[in-house]
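One structure is given below, encoded as structure tokens.
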Amino acid sequence: MPITEPSHLFKALYFSKDEQEIERIVSSNPMIFEDINWKPLGGSKSNYGVVKNQQSNPIAALIEKITNSIDAILTKKCILSGVKPNDKNAPQSMDEAIERFYPNNNWDLTDQRKRQSEEIQIIADGKGPFPQRNKHATSVIVYDNGEGQHPEDFERTFLSLLKGNKNDIHFVQGKYNMGGSGAIVFCGKKRYQLIASKRYTNDGDFGFTLIREHPKRETDQTKETWYEYLLVDGKIPSFSIDELDLGLENRTFRTGTILKLYSYQFPSGYYGFAQDLNQSINEYLYQPALPILTKDTKERYPNQKILVNPLFGLKRRLVQEKNDYLDDYFSLNFDDSLFGKMNVSCFVFKSKVKSFNVKETKQEIQRRYFKNNMSVLFSLNGQVHGHFTMEFISRSLKLNFLKSHLLIHVDCTEMDYGFRKELFMASRDRLKDGEETQALRKYLAQALIKSDRLKDIQKRRQHAVDIDTTSSSNQLLKSFTKNLPLDSNLMKLLSKTFKLDLSAKKSKKKAQPRKPGKEKQEIPFEPKRFPSRFKLRAKNDGGTEITKIPLGGTKTILFDTDVENNYFDRIEEPGDLQISILNMQSNDAEGGDAPGTPKALTEVFNVSKSSPNKGTIKIGLNPKAPVEVGDSMQLKVTLTAPGENFDEIFWVKIANPQKKKENAPKMEDEETLGIPPLRFAYKDKEGKATDAVSWEDVELATNEQMDYSTVMVPEAEGESLKQIFVNMESTVLMDYKSTIKNANEEQIQIANRKYFTSVYFHTLFLYTITKNRGYQIQRKDEEKEDLQYVDVGTYLKDLFDNHYSSFILNYGGMEEIMQGVGD
């Protein structure tokens, strides 16, 4: 039956499950949906490029809808407070808006968070759960109880492009009114999206329109198609309502805005809306201004117990789950002339969680926290605007061991505007590959390496693995290097990468045995929730400089405290470290040593601050122009605490730049070959040689899985190959030995030797060639259909697991090396 009333048309569109049902409504009502009733989005048929060149990821595009909802609610709150959103008296940041409009929020409490989250809802619609339906059959509803719009204002708000409607409102995320259009390209094949709204003042009609991609026809004069929206009788269709039952959680629709995105194209691997989408929203909204609610339906998942989930960002989730999943977390705060202010938080996950083994733990962490392969998150006002993958951790930080267990968050909110705007694309979903991004990448890597905190965690984990480092297999390697001709191409190749033991006659200083002594016993640190002490770790008489800071260099100053490690990073009752300059004495040509007018700290120093670590807080000071050698500053460092803060006041002096120290040549131990040790791995090491390792040992040491299908696992640290684990119970070896008829013990030993020799030296040479030639390896991600960086170690493991080892075993050519090893 043809539709004649606007209310009937809206309900028919809204309750359609997918774009196929929308298509049937469109085709059966030609009078409503004739060409004359469609108008180009933004008023121009050239809008295809603007809409198409938005977010490259459907989740990032959906996040823009949620961000717009947060903006709408904060804008409504501002108007209700009696202040125009673009007025100078309006909040100047999103944090200020939350403090002003929600002064007593308790959203970390479950009931309070649930109640607030109902103001922004993301609801699934569609025909049944994933296994029984087409993967693009899920439609998405986004609702907010924000300011809403009158029907007559749709064209200058929802349906405009590049108008900059929010550009003079400082407390919202959006600027140019185009980010929300990015989701259109992921709405099925026809790009249907429904927009409906009623102004919060409740003094107008409820308006709605349908957006789609214009069906290209031969009569069209444009080269590309465009996006268009529906008008009826030349205006946005509307009707009067008091309330509508639209399937929202715990409420009917009265005012605000509601959208529906039909047949939304979720990425591969999204099998459950509430679970998978929740994780992604948390990742992209690291610390959202407001809680959000996601909802699935009984119709789609009749056996699912939990269909409604309030969420509040990844940071809160990490802190709430820290006891189960986190080994450590800490923050570093920087104020630098390069970029302004930046806060960096690092979260290190456990090697084993709950009852999971190493492999299962890695999979669980990946599923819960790295669904979108984002290891380093760059956010603005809590929304992630770009990221680095785990490639940054293995290549830039050289922490291969932590590459699957480390998440880094970089808060860019307080960065200098000029630097920050060069970091992110206008679509707010990826970083520009420009000067500023490269400079920030380099700075971040150097700062994290210099802090030593992550490197200490990696070392602690490596030392916890029980592997005998005095392996007798070293004798095999010595035999190999001595049996290779010194002028051979193989020797020349290896010597470019490894420091070989080229001559047994070469004089080397024997390592002196360590004298036995009493081991220093570490006093257990007993942290307190709030500090009871804070003390400078240096002699301080109040008048003499406690340290000299080299011009152009950085000096680290240490403080002792008894507060817990996460004092600066926890959500509830966090503390802070504040630094200021009280006095300055300038070493100018005219003389005089009277205190001068203090400057702002950031005019004098680039500053770094660390969160507490077992009772130690570090600050780093790097002098910058126009500071000169001989200048002195009196600093005040304050550790905040309830009741009374703790202050330390002291003087520092600027000294001459430090001369670069020449590194003395290191004396090599006689047993050090320079090439990585060979380790034999078995499923169970009991009954094996004393230097044998188990598969679980290998997983703990390398963060790489070993089972019957695995041939070799290399342990790498950055670009350095530390050791090579060869699996002596691999299917490849078992199959190879099964081809020996009536095998005796000697033949079995020869087969074993051929196997580990072939695997070890092929690994060595492949690694050497790959490193020397500067190859960077990428592999296609099957789920995300894009290329991901792979470190050399992972690449070589994968190579041997995929028939390469079978080839080299059966090809031969290792007799000479085997002879040398056997002698």
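The values are calculated or read from the model by the stated rules, or taken from the named source; none is laboratory data. Quantities reported herein were computed from a predicted structural model and do not represent experimental measurements. Note that each Cβ is placed from the backbone with ideal geometry, even for glycine, and that neighbours are counted across all protein chains shown. Ligands, DNA and RNA are excluded from the accessible area calculation, which covers all protein heavy atoms including side chains. Shrake-Rupley method; radii C 1.70, N 1.55, O 1.52, S 1.80 Å.
Residue 353 - would you say it is within 29 Å of residue 288 (Cα to Cα), in a loop (DSSP other than H, G, I, E, B) and open to solvent by less than 10 Å² (accessible area, probe 1.4 Å)?
Here the answer is yes, as residue 353 does meet what is asked.
Just to be sure, is residue 89 open to solvent by 60 Å² or more (accessible area, probe 1.4 Å), out of contact with any Gly (no Cβ under 6 Å at 6 or more places or on another chain) and of a type in the set (S, T, N, Q)?
yes
Yes or no: region 742-756 includes at least one residue that is charged (D, E, K, R) and assigned to a loop (DSSP other than H, G, I, E, B).
no
Of the residues 218, 224, which single one is outside any strand (DSSP E or B), touching a helix residue (DSSP H, G or I) at 6+ places or on another chain (Cβ under 7 Å) and open to solvent by 50 Å² or more (accessible area, probe 1.4 Å)?
224
Would you pick out the residues in region 404-436 that are crowded, with 22+ Cβ neighbours inside 10 Å and more than 20 Å from residue 287 (Cβ to Cβ)?
405
In region 99-112, what residues are within 20 Å of residue 573 (Cβ to Cβ), open to solvent by less than 70 Å² (accessible area, probe 1.4 Å) and over 25 Å from the mean Cα position of the chain (by Cα)?
Hits for region 99-112 are 102, 105, 112.
Give the residue that is least open to solvent (accessible area, probe 1.4 Å), with candidates limited to residues of region 227-261 that are of a type in the set (Gly, Ala, Ser) and either in a strand (DSSP E or B) or within 30 Å of residue 310 (Cβ to Cβ) (or both).
256
Look at region 415-432 and say how many of its residues are part of a loop (DSSP other than H, G, I, E, B) and under 17 Å from the mean Cα position of the chain (by Cα).
The total comes to 5.
Answer yes or no as to whether residue 195 is closer than 30 Å to residue 365 by Cα, modelled with pLDDT of 90 or more and touching a helix residue (DSSP H, G or I) at 6+ places or on another chain (Cβ under 8 Å).
So residue 195 fails the test.
Can you name the helices (runs of 4 or more DSSP H) wholly within region 8-101 that have at least 2 residues being modelled with pLDDT of 90 or more?
Fully inside region 8-101 and qualifying: 19-28, 58-80, 94-101.
Would you pick out the residues in region 222-240 that are among the hydroxyl-bearing types (Ser, Thr, Tyr), within 16 Å of residue 206 (Cβ to Cβ) and touching a residue at least 60 places away in the same chain (Cβ under 8 Å)?
Matches in region 222-240: 238 only.
Restricting the first residue to region 278-296 and requiring it to be acidic (Asp, Glu), which pairs with a second residue that is in a strand (DSSP E or B) meet a Cβ separation below 6 Å and a spacing of at least six or different chains?
Short answer, once both residue conditions are applied: 296/124.
If we keep just the residues of region 553-571 that are under 28 Å from residue 653 (Cβ atoms) and either acidic (Asp, Glu) or not in a strand (DSSP E or B) (or both), which is most open to solvent (accessible area, probe 1.4 Å)?
554
Can you find, within region 1-32, the residue that is surrounded by the most Cβ atoms within 10 Å (Cβ to Cβ) among those that are closer than 21 Å to residue 244 by Cα and polar (S, T, N, Q)?
Among residues in region 1-32 that are closer than 21 Å to residue 244 by Cα and polar (S, T, N, Q), the one surrounded by the most Cβ atoms within 10 Å (Cβ to Cβ) is 16.
State which residue pairs qualify: first residue without any contact (Cβ under 8 Å) to a residue 40 or more places away in the chain and inside region 697-722, second residue among the aromatic types (Phe, Trp, Tyr) in any location, beta carbons under 9 Å apart, and separation of 6 or more residues or different chains.
Taking only residues 6 or more apart or on different chains, the pairs are 698/725; 706/695; 706/725; 707/695.
Would you pick out the residues in region 262-309 that are of a type outside the set (Phe, Trp, Tyr), part of a loop (DSSP other than H, G, I, E, B) and buried (at least 22 other Cβ atoms within 10 Å of the Cβ)?
263, 288, 289, 290, 291, 296, 300
Looking only at residues that are open to solvent by 40 Å² or more (accessible area, probe 1.4 Å) and in contact with a strand residue (DSSP E or B) (Cβ under 7 Å, 6 or more places away or on another chain) in region 720-752, which one is nearest to residue 803 (Cα to Cα)?
Restricting to residues being open to solvent by 40 Å² or more (accessible area, probe 1.4 Å) and in contact with a strand residue (DSSP E or B) (Cβ under 7 Å, 6 or more places away or on another chain), the top hit is 729.
Checking residue 574 against (1) free of Cβ contacts under 8 Å to residues at least 40 places away in the same chain; (2) closer than 27 Å to residue 329 by Cα; (3) surrounded by 18 or more Cβ atoms within 10 Å (Cβ to Cβ), only one condition comes out false. Which one?
For residue 574, the exception is condition (3).
With respect to residue 686, determine if the residue is closer than 20 Å to residue 362 by Cβ, modelled with pLDDT under 90 and either open to solvent by 20 Å² or more (accessible area, probe 1.4 Å) or assigned to a loop (DSSP other than H, G, I, E, B) (or both).
No; evaluated as a whole, the condition is false for this residue.
If I ask for residues that are over 19 Å from residue 587 (Cβ atoms), out of contact with any Gly (no Cβ under 6 Å at 6 or more places or on another chain) and of a type in the set (Ser, Thr, Tyr), which ones from region 627-662 would you list?
638
Any residue in region 360-370 that is closer than 15 Å to residue 566 by Cβ, open to solvent by 10 Å² or more (accessible area, probe 1.4 Å) and at pLDDT 90 or above?
no
List the number of the failed condition for residue 43; all other conditions in (1) touching a helix residue (DSSP H, G or I) at 6+ places or on another chain (Cβ under 9 Å); (2) without any contact (Cβ under 8 Å) to a residue 24 or more places away in the chain; (3) open to solvent by 30 Å² or more (accessible area, probe 1.4 Å) hold.
So the condition that residue 43 fails would be (2).
Find all pairs meeting these conditions: Cβ atoms under 8 angstrom apart; at least six residues apart or on different chains; first residue within region 729-751 and more than 16 Å from residue 682 (Cα to Cα); second residue open to solvent by 50 Å² or more (accessible area, probe 1.4 Å) and part of a helix (DSSP H, G or I).
Every condition considered, the pairs that remain are 736/810; 740/747.
Can you tell me how many residues within region 386-403 are among the hydroxyl-bearing types (Ser, Thr, Tyr) and more than 11 Å from the chain's Cα centre (by Cα)?
So the count comes out to 2.
Name every residue in region 603-640 that is buried (at least 18 other Cβ atoms within 10 Å of the Cβ), at pLDDT below 95 and among the aliphatic types (A, V, I, L, M), in order of residue number.
Scanning region 603-640 gives 604, 627, 633.
Can you tell me which of 386, 313, 340 is of a type in the set (Gly, Ala, Ser), over 20 Å from residue 423 (Cβ atoms) and open to solvent by less than 10 Å² (accessible area, probe 1.4 Å)?
313
Exactly one of these conditions fails for residue 158: (1) open to solvent by 10 Å² or more (accessible area, probe 1.4 Å); (2) at pLDDT below 90. Give me its number.
Unmet for residue 158, out of (1) open to solvent by 10 Å² or more (accessible area, probe 1.4 Å); (2) at pLDDT below 90: (2).
Does at least one position in region 583-602 carry a residue that is modelled with pLDDT of 95 or more and open to solvent by 20 Å² or more (accessible area, probe 1.4 Å)?
Scanning region 583-602, I find no residue that is modelled with pLDDT of 95 or more and open to solvent by 20 Å² or more (accessible area, probe 1.4 Å), so the answer is no.
Would you confirm whether any residue within region 773-780 is among the aliphatic types (A, V, I, L, M) and either assigned to a helix (DSSP H, G or I) or buried (at least 17 other Cβ atoms within 10 Å of the Cβ) (or both)?
No, region 773-780 contains no residue that is among the aliphatic types (A, V, I, L, M) and either assigned to a helix (DSSP H, G or I) or buried (at least 17 other Cβ atoms within 10 Å of the Cβ) (or both).
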